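To start, the structure under review is shown below, and the notes come after it.
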Amino acid sequence: MQLILKYSIIISILLIAVSCNPNKRISAPRNLERIYDPSSSSLHPKIKIYSLSDTSSVMVEYLKTKELLFNQNNPGNKLLSRVQIVYNLYDLNDKLNLADSSTTTFKFDKDPNRQYEVVEVEVNSHKGGNYLLEIITTDVNRKNSQYSFYRINRTQENNLQDYYYFNKKDNEIIVDPYIRPRQEFGIKHYSRDIDSLYVHYFKNDFYISLPPYMEDTLIDNVHTADTVWICYLDSINYENYRDEGLYYFSENQTESNYNDGIVLFNFGEKFPVIRTPKKLAEPISYLGNIDSIPGPDSTGKLTKLAVDDFWLAKANNIDKSRELLIAYYNRVMLANKYFTSYKEGWKTDRGMIYVIYGLPDYLFKSGDEERWIYNPEGISTGITFIFNYVENPFTFNHYVLDREKLKYTGWDTAVEMWNKGEIIYFQTRLE
């Protein structure tokens, strides 16, 4: 019997919060889980948050002009796009009570030479505070919105958001914390000048998540760097950042205090997309072992052949195997986009579940927890995965699967379906 389930992008999500004051309780619309579904919105903004002063942060948002709708529905009859940005700032130290909110509308003239519109919104975050920031970006002309959530943690004297990373050629802030070939970067602190930082380098050999039915969680070494050197910011040697891995820039030379710097990653030239044969072979580990690659493979040709043979064996024909391959690696790419923490997103617990199961039917989010529910028609009563936020010195985006609360995972069935050439989608029946 074919178990493949039709997928629907009409899913439900609620943002859950507990508050002693009902008037300050988070009130959020449904479908917020679409933050993990790029097809649900025409907008895909890139957002960076960094400290502006001791009492505020700034949200920098890059909007692709090709994703905006320009029309002449305005008094001046000009081709204009209108974007509304709403933020709600919730206090994680005060039961997620609303600490601040703001609504700002921006207007942009049509300019075919501009690829991005860049906007900045100030957020009232204070030193010592710990916040969850909800951002709602709306194309007013198209009446289409995108929801995003970010943490702002200012409890340390210095933190990841006290520094920012910029392109030396045009001095524009770089939103993605990724080191790219031929991109010269600089680093600045929001309130004081710094002339040098220590670089703590960790090789990209972090563990891949274990299947959800396994009780153990592998613990990566994020305490002892493989190499440490000093970087003078006015004369950065970019050759030092060619190797893949995590680069932690800190004013502290010791390895016991990773809480006062900025992190940049090198996960490959095209990340979050993966292109090289080695990169394509690695995520297959969730489905089983790839056939051994005979002989040396310095060019990657033998590895690419082994990957192709792996997918062809699942589907038994080229067209079906191509469909299977595209679906799988698209999920890997999206896992990298949404769930990268100190390691590639597909290697994390959320990334693993996203790749194998796809989007959940329901996603409930609180300050320190995400609850994903898969409730496919005709298969038991559903599967629930709970991910707990875990503090990590290198990221505000690290969640770990609560394996003790798992009652049923359906992992073997899911993997079996992929290995039979079926793409797994889930759907909640709409009454």
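Out of the strands (runs of 3 or more DSSP E) lying entirely within the stretch 30-142, which hold 1 or more residues that are closer than 22 Å to ASN336 by Cα and basic (Lys, Arg)?
Once the strands (runs of 3 or more DSSP E) in the stretch 30-142 are filtered for at least 1 residues that are closer than 22 Å to ASN336 by Cα and basic (Lys, Arg), what remains is 46-53, 56-64.
Report yes if some residue within the stretch 190-213 is under 22 Å from GLU61 (Cβ atoms) and more than 18 Å from the chain's Cα centre (by Cα); otherwise report no.
Yes: the stretch 190-213 contains one or more residues that are under 22 Å from GLU61 (Cβ atoms) and more than 18 Å from the chain's Cα centre (by Cα).
GLU157: surrounded by 14 or more Cβ atoms within 10 Å (Cβ to Cβ), over 18 Å from the mean Cα position of the chain (by Cα) and touching a residue at least 60 places away in the same chain (Cβ under 8 Å), yes or no?
No: the conditions fail for GLU157.
Considering each of LEU312, LEU264 in turn, give the residue that is without any contact (Cβ under 8 Å) to a residue 24 or more places away in the chain and of a type outside the set (Lys, Arg).
LEU312
Consider LEU280 carefully, then state whether it is closer than 28 Å to GLY351 by Cβ, at pLDDT 95 or above, surrounded by 17 or more Cβ atoms within 10 Å (Cβ to Cβ) and within 22 Å of the chain's Cα centre (by Cα).
no
Looking at (1) at pLDDT 95 or above; (2) over 21 Å from the mean Cα position of the chain (by Cα); (3) surrounded by 14 or more Cβ atoms within 10 Å (Cβ to Cβ); (4) more than 18 Å from ASP54 (Cβ to Cβ), find the lone condition where VAL123 falls short.
Result: VAL123 passes all but (4).
Tell me, yes or no, whether the stretch 260-274 has at least one residue that is modelled with pLDDT under 90 and within 30 Å of ASP162 (Cα to Cα).
yes
Any chance you could count how many residues in the stretch 169-225 are surrounded by fewer than 12 Cβ atoms within 10 Å (Cβ to Cβ) and among the polar types (S, T, N, Q)?
Here the count works out to 3.
Restricting the stretch 303-350 to residues that are over 11 Å from the mean Cα position of the chain (by Cα) and acidic (Asp, Glu), which is farthest from PHE394 (Cα to Cα)?
ASP319
Mind checking which residues of the stretch 368-379 are assigned to a loop (DSSP other than H, G, I, E, B) and at pLDDT 85 or above?
Within the stretch 368-379, just ASP368 meets the criteria.
Take the residues in the stretch 143-179 that are part of a loop (DSSP other than H, G, I, E, B) and of a type in the set (A, V, I, L, M, F, W, C); name whichever of them is modelled with the highest pLDDT.
ILE179
Residue by residue, here is whether (1) of a type in the set (A, V, I, L, M); (2) at pLDDT below 90; (3) under 22 Å from the mean Cα position of the chain (by Cα); (4) buried (at least 19 other Cβ atoms within 10 Å of the Cβ) holds:
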residue	(1), (2), (3), (4)
PHE387	no, no, yes, yes
VAL390	yes, no, yes, no
VAL400	yes, no, yes, no
LYS405	no, yes, no, no
TRP411	no, no, no, yes
LYS420	no, no, no, no
PHE426	no, yes, yes, yes
LEU430	yes, yes, no, no
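Residue under question is ASP349, and the condition is that it be among the acidic types (Asp, Glu), out of contact with any Lys or Arg (no Cβ under 8 Å at 6 or more places or on another chain) and under 30 Å from TYR147 (Cβ atoms); does it hold?
So ASP349 fits the description; yes.
Residue-by-condition table, conditions (1) in a loop (DSSP other than H, G, I, E, B); (2) closer than 23 Å to LYS343 by Cα; (3) touching a strand residue (DSSP E or B) at 6+ places or on another chain (Cβ under 7 Å):
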{"position": "LYS188", "(1), (2), (3)": "no, no, yes"}
{"position": "ASP193", "(1), (2), (3)": "yes, no, no"}
{"position": "VAL199", "(1), (2), (3)": "no, yes, yes"}
{"position": "PHE202", "(1), (2), (3)": "no, yes, yes"}
{"position": "ASP205", "(1), (2), (3)": "yes, yes, no"}
{"position": "PRO211", "(1), (2), (3)": "yes, yes, no"}
{"position": "GLU215", "(1), (2), (3)": "yes, yes, no"}
{"position": "HIS223", "(1), (2), (3)": "yes, yes, no"}
{"position": "VAL228", "(1), (2), (3)": "no, yes, yes"}
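Looking at the stretch 322-338, can you tell me whether even one residue there is assigned to a loop (DSSP other than H, G, I, E, B) and crowded, with 16+ Cβ neighbours inside 10 Å?
Narrowing the stretch 322-338 to residues assigned to a loop (DSSP other than H, G, I, E, B): none.
Within the stretch 322-338, none of the residues are assigned to a loop (DSSP other than H, G, I, E, B) and crowded, with 16+ Cβ neighbours inside 10 Å.
Go through the stretch 230-243 and count every residue that is surrounded by fewer than 12 Cβ atoms within 10 Å (Cβ to Cβ) and either in contact with a strand residue (DSSP E or B) (Cβ under 6 Å, 6 or more places away or on another chain) or more than 30 Å from TYR354 (Cα to Cα) (or both).
Final tally of qualifying residues: 6.
Let me confirm something: among LEU92, LEU96, which residue is over 18 Å from ILE136 (Cα atoms) and crowded, with 20+ Cβ neighbours inside 10 Å?
LEU92
One residue is enough: does the stretch 66-78 have a residue meeting the conditions buried (at least 19 other Cβ atoms within 10 Å of the Cβ), at pLDDT below 95 and farther than 28 Å from TYR165 by Cβ?
The answer is no; no qualifying residue exists.
The values are calculated or read from the model by the stated rules, or taken from the named source; none is laboratory data. These numbers come from a predicted model, not from an experiment. With ideal geometry, Cβ positions are generated from the backbone for all residues, glycine too; neighbour counts draw on all protein chains shown.
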